[in-house]
1. Quick check on the range 7-83: what are the equivalent-ellipsoid semi-axes from the Cα gyration tensor, as sqrt(5λ), descending, whole Å?
2. What's the ranking of 214-227, 131-144, 59-72 by average number of surrounding C-beta atoms within 10 Å, highest first?
3. Can you tell me which of 183-194, 106-117, 44-55 comes out highest on packing, and rank the rest after it, using the mean Cβ neighbours within 10 Å?
4. Just to confirm the number: angle between the C-alpha axis of helix 38-50 and the first principal axis of the chain, 0 to 90 degrees, nearest 10?
5. Where does the chain land on Rg/Rh, using Cα atoms and the Kirkwood Rh?
6. Quick check: the angle from helix 133-146's long axis to the longest principal axis of the chain, C-alpha only, nearest 10 degrees?
7. Given points 7 Å out from each Cα along the Cα-Cβ axis, report the Ala40 to Ala67 separation in nanometres with one decimal.
8. Could you tell me which of rounded, prolate or oblate describes the range 108-235, using a ≥ b ≥ c as the square roots of the eigenvalues of the alpha-carbon gyration tensor, with rounded for a/c under 1.5 and, failing that, prolate when a/b is larger than b/c and oblate otherwise?
Amino acid sequence: MDELPAFATALPHVRATDFGHILVVIDYRTGDVKGLLPTAAERLREAARTGSPGRLPGPLAAHLLTAGFLAPTSDPRPWPVTKATTATASWGSVEHPAGTARPRSIPLLDLLRATGALSAVAAVKAVGHRRTTMLRVIHTIHRATSTRHRPATPDQAAAAVSAVRAAGWNSPVRSACLEESAAVVLLLASRCLGVTWCHGIAADPVRLHAWVQTEDGTPVAEPLSTRAFTPLLTLGAHHFQS
């Protein structure tokens, strides 16, 4: 890009989160993630406040524009940068739990239904260009959450999560938090039940996570460490705009 536009704004599928010591930008269309250290982060904050990409270093501004994080505008259109709920860096002095536990035994019919939901998510991921996989999954979740009839109770939501995790234990394809949380939404939607799907970010180190929560905002079958994640995208309570 030879010349930067006078004004630009973040596109609807882009979210920016400020942890203080690092600023992270996520493109929910492609799943691309960019981390900016303090100097570049401060320049991005200025660009967000003013709607002017000229506040950014030239190569960074050009990259964000050509990669689709920003789009030129005819007038200043500032965009939001979310302030993270956990912004203090520990520089490696805090431990985070890792690993998985074998799921408990699940009734066969519930296991088959959960396997069907996981298979549907796998099909959505497989059909289409790899660069838009995240967007296809998000649109699928959006459609499921927008047609819900009543909120799932905590017990109903927890049972769905347990069934999906059990089904994913022996899955031949990837079954991590994104696939499992999406499958939980589909499984509950098939019973006219709904939960809120969340995708968020935590720092130190930077990591992403997807989970579901009940109507009152309680994460379902999640460890306390999930509270360290700042939600950037929620579906069910607030719908994604493409």
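Values in this text are rule-based calculations from the coordinates and carry no lab data. If you're wondering where the values come from, they're calculated on a predicted model, not measured in any experiment. Glycine also receives a Cβ, built like all others from the backbone with ideal geometry; neighbour counts cover every protein chain displayed.
1. Square roots of five times the eigenvalues give 16, 14, 12 Å.
2. 131-144, 59-72, 214-227
3. By packing density, highest mean first, the sequence is 183-194, 44-55, 106-117.
4. On a 0 to 90 degree scale, this one is about 80.
5. Ratio of gyration radius to Kirkwood radius for the chain: 1.01.
6. Value to nearest ten degrees: 60.
7. 0.7 nm
8. rounded
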